[in-house]
Structure formats: C-alpha cells, structure tokens
Amino acid sequence: MNYTARPGIVTAQLCGMNVLIPSRITGDACKTILPLTLMGAIVWTGIQKDYPIEKVLEAFRIFSKKPDEEFIEKIDSFCEKLYQKGFIIPKEAPTVEVSPS
C-alpha cells in the first residue's frame with residue numbers, strides 16, 4: 001500500500017468500537033475521530049504494519065468470497081477517505097542516487 005499512518009494517530013476502543021483518534025500533534029491536519037468498520041480496521045492495520053496489498057486481501061478473503069478487484073476498489077476508496085481526512089500520508093518514494101559518468 002502506498003500510504004503510511006500520520007504520526008500522532010492512535011487507535012482506541014470506545015463503546016466496543018475501534019476508532020482512530022488524532023493527538024495534538026496532528027491537530028492541524030486531522031481534526032475528527034473516525035470509527036472503523038471491520039474492513040476499515042483491517043486496512044488500517046495493513047497501513048500501520050506496512051503490509052503489502054496481498055496480505056490485506058488475504059484477510060478480506062477470510063470473510064467473503066468476493067473477487068479481489070472488488071476488495072481493491074473498496075480498499076482504495078477507504079484509503080482516499082483516510083487521506084482526505086488527514087489520517088494517512090503518501091509514502092515517500094525512495095530516492096535513487098545517480099552517480100555522474
């Protein structure tokens with residue numbers, strides 16, 4: 001997955017539901033608490049632990065027989081929501097140094 005969790009976002013349980021909570025250091029970029037569905041919790045774990053998309057898909061396959069394309073579409077949509085709300089940031093692309101010839 002091409003995102004990483006924004007520093008300062010914590011996961012907690014409120015009333016039996018997993019939620020993402022921004023701490024003070026994320027106050028400018030992320031201002032709301034976000035409840036997580038089961039699917040959301042799986043994706044969030046994948047982002048936090050830097051799992052490849054295949055490992056996240058394996059978890060979804062346990063709960064449903066839907067095609068991978070449908071899961072990928074839902075994962076992408078959820079990641080876009082997390083990004084827009086400030087919970088995740090894009091991973092930095094690795095820099096490659098080119099030596100002069």
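The values are calculated or read from the model by the stated rules, or taken from the named source; none is laboratory data. Treat the numbers as computed from the prediction; the structure is a model and nothing was measured. Using ideal geometry, Cβ is built from the backbone for each residue, glycine included, and neighbour counts are taken over all protein chains shown. Calculation scope for accessible area: heavy atoms of the full protein, side chains included, ligands and nucleic acids excluded. Shrake-Rupley method; radii C 1.70, N 1.55, O 1.52, S 1.80 Å.
Outside any loop (DSSP other than H, G, I, E, B), at pLDDT 90 or above, open to solvent by 80 Å² or more (accessible area, probe 1.4 Å) and not small (G, A, S), is that true of E70? Quick ask: steps written out before the conclusion?
Values: outside any loop (DSSP other than H, G, I, E, B): yes; at pLDDT 90 or above: yes; open to solvent by 80 Å² or more (accessible area, probe 1.4 Å): no; not small (G, A, S): yes.
No.
Find the strands (runs of 3 or more DSSP E) located wholly in segment 1-56 whose residues include 3 or more that are in contact with a Leu (Cβ under 9 Å, 6 or more places away or on another chain) and either open to solvent by 70 Å² or more (accessible area, probe 1.4 Å) or not basic (K, R) (or both), and list them.
Ranges flagged: 9-14, 17-22.
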